[in-house]
Amino acid sequence: MSDTSEHIVIVGAGAAGLMAARELARGGKQVTILEARDRCGGRIHPLPASEFGYPADAGAEFVHGEAPVTRGLAREAGLTVRTIGGAQWSFDGTGFSRENPRDPHDARLHAAVKDLADDLTVADFLRQHFGGPDDARLRHAVERMVEGYDAADPERASTLALRDEWMNDGHAMQARIDGGYGGLIDFLETGCRKSGVAIHFGAVVTAIEESDGKLAIRSAGGAAQSCDRMVLTVPLPLLREITLPATARAKAAAADDIGFGSVIKILLRFARPWWRERREEFSDMLFLLSDETIPVWWTRQPDRHPVLTGWLGGPRTAELSHLDPQGLIDAGISSLAAIFRIPRQEIARELMAAAAANWAHDPFARGAYSWATLRTRAAQERLARADGPVLFSGEALYRGRDMGTVEAALASGAETAGLILRG
């Protein structure tokens, strides 16, 4: 017979929290989820299909790499994970060039990083191995990828943690779930509820107290919840905002050794795909990179939706922290006008719908996703241990290759549930 006497509270109904809750409930535990938002999903945030012509994602969008947990869950839910392909273009301020995925400098970068024995920050690695004036283009390309793709700071990011990504060309294998990540979250939420999980929205947890072998969880303006164990799945910056028991607080301090990046994402839906009409060779364009204010753009390739998504990641997002969503949309339009050399009014006239998210401004995220510093692996080992009544879980604790992804969150949630069920 299942042991339903142990009550476990999970803080956060994002991918990690839902996954942990589902597995624990299936294992016979009594589970309650406390979620600060009025929805599940966390940094997965579907937008109404009526706005963009499909269920667009204001947060996580791509499935990175092999992602076995994500793909398995999608199969279970009857969702299709579609591999996407397309050309990557660059604009250097004067003209466009189609980027060869095997850039000429790749071989030298791979050779240098392959033999690296001791970890260095990316910035130190580049200074030591590619510090000369002839390597300016390589340094710029690597820094752009670390900041843009990983939302990381090259002065703190671990080179060894990024080595696999570089050796596999970074963007090598990308996919999307048909209908977006929202379908996966709906499937997990439904599964949780069917297994008896109680989900409370609008529950902003402020403090956790330990007394007589029980935990009391206090929420802003709400009654305290009592439980035997709890799993904190909130984004790293929020750990500092929750009062924890002394032992859990000491453990949570390790989170300072894990990087956490910011991302600004801008979605623009147009009346027609004007970029394809202007340049026939852009018919299969997937990514467009530049050094404009919003430097990275992508299309819905191979779908033909006339939508461009803009992206700015890493430390440079701070330069736009004063802008509200409309200000970010305006910055996106200005960046496209500069890249394509057309008046911004011409682009604005074609605009049918727009949305912008600065994830650093989101009170329940305070940023986008984690990345590895030189001390991250040790911090993850400490945080992932099930050595007390307060456990930690989430994408930042994943020790596999694609840290910071939905796959990382799902895998971490499943791992945490397994630790509890086996314990």
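The values are calculated or read from the model by the stated rules, or taken from the named source; none is laboratory data. Since the model is a prediction, treat every value here as computed from it, not as a measurement. Cβ coordinates were reconstructed from backbone atoms using ideal geometry, including for glycine residues, and neighbour counts include every protein chain displayed.
Which one of these is surrounded by 18 or more Cβ atoms within 10 Å (Cβ to Cβ), at pLDDT 95 or above, in a loop (DSSP other than H, G, I, E, B) and among the charged types (D, E, K, R): ARG37, ARG22?
One residue alone meets the criteria, ARG37.
Name the residues in the stretch 153-196 that are small (Gly, Ala, Ser), in a loop (DSSP other than H, G, I, E, B) and in contact with an Asp or Glu (Cβ under 7 Å, 6 or more places away or on another chain), would you?
Hit for the stretch 153-196 is GLY180, nothing else.
Restricting to the stretch 312-335, give me the number of residues that are within 20 Å of ARG276 (Cβ to Cβ) and touching a residue at least 60 places away in the same chain (Cβ under 8 Å). Can you show your working first?
We begin by selecting, within the stretch 312-335, every residue within 20 Å of ARG276 (Cβ to Cβ); these are 332-333, 335.
Okay, now just the ones that are also touching a residue at least 60 places away in the same chain (Cβ under 8 Å), so 332-333.
Final tally of qualifying residues: 2.
What number of residues within the stretch 303-333 are out of contact with any helix residue (DSSP H, G or I) (no Cβ under 7 Å at 6 or more places or on another chain) and among the hydroxyl-bearing types (Ser, Thr, Tyr)?
Going through the stretch 303-333 one residue at a time, the tally reaches 1.
Looking at ALA386, is it in a loop (DSSP other than H, G, I, E, B), farther than 29 Å from VAL142 by Cβ and in contact with a Leu (Cβ under 6 Å, 6 or more places away or on another chain)?
yes
Inside the stretch 125-143, can you point out the residues that are under 28 Å from the mean Cα position of the chain (by Cα) and touching a residue at least 12 places away in the same chain (Cβ under 8 Å)? It would help to see each step written out before you state the result.
Pass one, the stretch 125-143, residues under 28 Å from the mean Cα position of the chain (by Cα): 125-126, 137-143.
The answer is PHE125, LEU126, ARG137, LEU138, ARG139, ALA141, VAL142, GLU143.
Could you list all residues from the stretch 247-275 that are surrounded by fewer than 18 Cβ atoms within 10 Å (Cβ to Cβ) and β-branched (Val, Ile, Thr)?
Answer for the stretch 247-275, where residues must be surrounded by fewer than 18 Cβ atoms within 10 Å (Cβ to Cβ) and β-branched (Val, Ile, Thr): just THR247.
Please work out which one of (1) crowded, with 17+ Cβ neighbours inside 10 Å; (2) of a type in the set (A, V, I, L, M, F, W, C); (3) modelled with pLDDT under 95 is the condition LEU188 fails and give its number.
Of everything listed in (1) crowded, with 17+ Cβ neighbours inside 10 Å; (2) of a type in the set (A, V, I, L, M, F, W, C); (3) modelled with pLDDT under 95, LEU188 misses just condition (3).
Looking at SER370, SER393, SER335, can you tell me which residue is surrounded by 18 or more Cβ atoms within 10 Å (Cβ to Cβ), modelled with pLDDT of 95 or more, among the hydroxyl-bearing types (Ser, Thr, Tyr) and more than 22 Å from the chain's Cα centre (by Cα)? I'd like the intermediate steps shown before the answer.
On the way: SER370 fails: more than 22 Å from the chain's Cα centre (by Cα); SER393 fails: more than 22 Å from the chain's Cα centre (by Cα).
Within the list SER370, SER393, SER335, the selection yields SER335.
Has the stretch 352-374 got any residue that is in contact (Cβ under 8 Å) with a residue 24 or more places away in the chain, among the β-branched types (Val, Ile, Thr), farther than 25 Å from ASP228 by Cα and not in a strand (DSSP E or B)?
no
Can you tell me which residues in the stretch 373-390 are among the hydrophobic types (A, V, I, L, M, F, W, C) and at pLDDT 95 or above?
Here is the first cut: in the stretch 373-390, the ones among the hydrophobic types (A, V, I, L, M, F, W, C) are 374, 378-379, 383-384, 386, 390.
Within the stretch 373-390, LEU374, ALA378, ALA379, LEU383, VAL390 qualify.
Looking at ALA117, ALA151 in this structure, which one is crowded, with 19+ Cβ neighbours inside 10 Å and either within 23 Å of THR293 (Cα to Cα) or not aromatic (Phe, Trp, Tyr) (or both)?
On the way: ALA117 fails: crowded, with 19+ Cβ neighbours inside 10 Å.
Result: ALA151 is the single residue among ALA117, ALA151 that is crowded, with 19+ Cβ neighbours inside 10 Å and either within 23 Å of THR293 (Cα to Cα) or not aromatic (Phe, Trp, Tyr) (or both).
Condition check ((1) at pLDDT below 95; (2) closer than 30 Å to ARG377 by Cβ; (3) of a type outside the set (Gly, Ala, Ser)) across all residues:
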| site | (1), (2), (3) |
| --- | --- |
| ALA252 | no, yes, no |
| SER262 | no, yes, no |
| ILE266 | no, no, yes |
| TRP274 | no, no, yes |
| ASP284 | yes, no, yes |
| THR293 | no, no, yes |
| GLY310 | no, no, no |
| GLY313 | no, yes, no |
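Residue by residue through the stretch 121-131, note down the ones that are surrounded by 18 or more Cβ atoms within 10 Å (Cβ to Cβ) and either of a type in the set (Lys, Arg) or part of a loop (DSSP other than H, G, I, E, B) (or both).
Answer for the stretch 121-131, where residues must be surrounded by 18 or more Cβ atoms within 10 Å (Cβ to Cβ) and either of a type in the set (Lys, Arg) or part of a loop (DSSP other than H, G, I, E, B) (or both): just PHE130.
Could you check ILE199 against (1) touching a residue at least 60 places away in the same chain (Cβ under 8 Å); (2) assigned to a loop (DSSP other than H, G, I, E, B); (3) more than 20 Å from the chain's Cα centre (by Cα) and say which number it fails?
Failing condition for ILE199: (2).
Quick one: in the stretch 195-246, which of the residues that are farther than 25 Å from ALA408 by Cα and in contact with a Pro (Cβ under 6 Å, 6 or more places away or on another chain) is surrounded by the fewest Cβ atoms within 10 Å (Cβ to Cβ)?
Within the stretch 195-246, the match that is surrounded by the fewest Cβ atoms within 10 Å (Cβ to Cβ) is GLU210.
If we scan the stretch 55-64, do we find a residue that is part of a strand (DSSP E or B), more than 24 Å from ALA411 (Cβ to Cβ) and either out of contact with any Phe, Trp or Tyr (no Cβ under 8 Å at 6 or more places or on another chain) or at pLDDT 95 or above (or both)? Steps first, please.
Initially, the stretch 55-64 is screened for residues part of a strand (DSSP E or B), giving 57, 62-64.
Imposing the further condition that a residue be more than 24 Å from ALA411 (Cβ to Cβ) reduces the set to none.
Scanning the stretch 55-64, I find no residue that is part of a strand (DSSP E or B), more than 24 Å from ALA411 (Cβ to Cβ) and either out of contact with any Phe, Trp or Tyr (no Cβ under 8 Å at 6 or more places or on another chain) or at pLDDT 95 or above (or both), so the answer is no.
Take the conditions under 26 Å from LEU288 (Cβ atoms) and either touching a Pro at 6+ places or on another chain (Cβ under 9 Å) or not polar (S, T, N, Q) (or both) and apply them to SER335. Does it pass?
Working: under 26 Å from LEU288 (Cβ atoms): yes; either touching a Pro at 6+ places or on another chain (Cβ under 9 Å) or not polar (S, T, N, Q) (or both): yes.
Taking the combined requirement at face value, the residue satisfies it.
Out of ARG82, ARG75, ARG71, which single residue is among the charged types (D, E, K, R), touching a residue at least 24 places away in the same chain (Cβ under 8 Å) and not in a loop (DSSP other than H, G, I, E, B)? Break it down stepwise before answering.
Values: ARG75 fails: touching a residue at least 24 places away in the same chain (Cβ under 8 Å); ARG71 fails: touching a residue at least 24 places away in the same chain (Cβ under 8 Å).
Of ARG82, ARG75, ARG71, the one residue that is among the charged types (D, E, K, R), touching a residue at least 24 places away in the same chain (Cβ under 8 Å) and not in a loop (DSSP other than H, G, I, E, B) is ARG82.
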